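Here's the structure, in structure tokens; my notes come after.
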């Protein structure tokens, strides 16, 4: 067993790698061991990039940088100018990059131990992209500068974009995400929460996807009876939307040429078991529509009983609605190829 130094014990001294590794506890994880999400603090206007003529300016601020196996670097800078904008190309647009860099000679062999900002000009192209700093550099991007072509040289109508600017939060914090890159990143633990600024909603990682309250989720309902039917080459699709314990569910079916219809009352599996009501005869209700394409429509009622795992559909068997029965092979019609079932309901889950 290899002993390590826990932080803040009087007799101990610490090297820089130990302190950076332990600082990782203060920053949102990135899914790798000792990994941290680099960035500027959410809500911090510092380290903003602007142009004053051809001069690139960066305001003062603080940031977290991360290097694999090296832990986190906490950096602070006063206002600075990392350089002068290179002249525009005569024919092609260019995208430049401004970034914050930590120089750590133990990692990059630079002979330096400091933090500063860097201006890196891109390559003019018909399809320009921002340049990438060297592989040994410890950095976070702050902004890109798009420099349009101009036949007369100069900088043209250069514009600054902070889209590449990344923010970070403390462990468990709600991270605002805006860029397509950030939005595409998977969560690192079930229950992680973020704010998607594009959708304008809170999202939670459920172990496989980011889900917002009320998002519609696919599930596969089963169709059963006393003697079970067989879907054959038919289609059945289920989706639900869950907000707290309120579940909205819909089931859509199209009968196929090889579908068989069994016997007895039809039941359709719900995505969640219903809550228990004070009386077993109480229920939640919904609506359904049976369709014989180009022939007839059959509006009906959905019933979800107390503590039920399935729903049933009831419809009239007489033209005046004076009698009714639960859907079965011949109610409300004799089901056949191309016929459709559309079911929707709202209920409380257990």
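The values are calculated or read from the model by the stated rules, or taken from the named source; none is laboratory data. What you see is a predicted model; the values in this text were computed from it and never measured. All Cβ positions, even for glycine, are placed from backbone atoms using ideal geometry, and neighbour counts span all protein chains on display.
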Discussion item. Of all residues being over 14 Å from the mean Cα position of the chain (by Cα) and surrounded by 13 or more Cβ atoms within 10 Å (Cβ to Cβ) in segment 205-221, which is farthest from residue 173 (Cα to Cα)? Just the residue, please.
Written reply: 221
Worksheet item: Looking at 202, 185, 140, which is the one that is within 24 Å of residue 33 (Cβ to Cβ), touching a residue at least 12 places away in the same chain (Cβ under 8 Å) and within 25 Å of the chain's Cα centre (by Cα)?
Response: 140
Item to complete: Scan segment 122-131 residue by residue and report those that are touching a residue at least 12 places away in the same chain (Cβ under 8 Å) and surrounded by fewer than 17 Cβ atoms within 10 Å (Cβ to Cβ).
Response: 123, 125, 126, 129, 131
Fill in: Any hit, segment 46-63, residues being surrounded by fewer than 17 Cβ atoms within 10 Å (Cβ to Cβ), at positive phi and either modelled with pLDDT under 85 or in contact with a strand residue (DSSP E or B) (Cβ under 8 Å, 6 or more places away or on another chain) (or both)
no
Discussion item. Give all pairs with beta carbons closer than 6 Å in which a residue from segment 324-338 that is at positive phi meets a residue that is exposed (fewer than 14 other Cβ atoms within 10 Å of the Cβ) and part of a loop (DSSP other than H, G, I, E, B); count only pairs at least 6 apart in sequence or on separate chains.
Written reply: 338/293
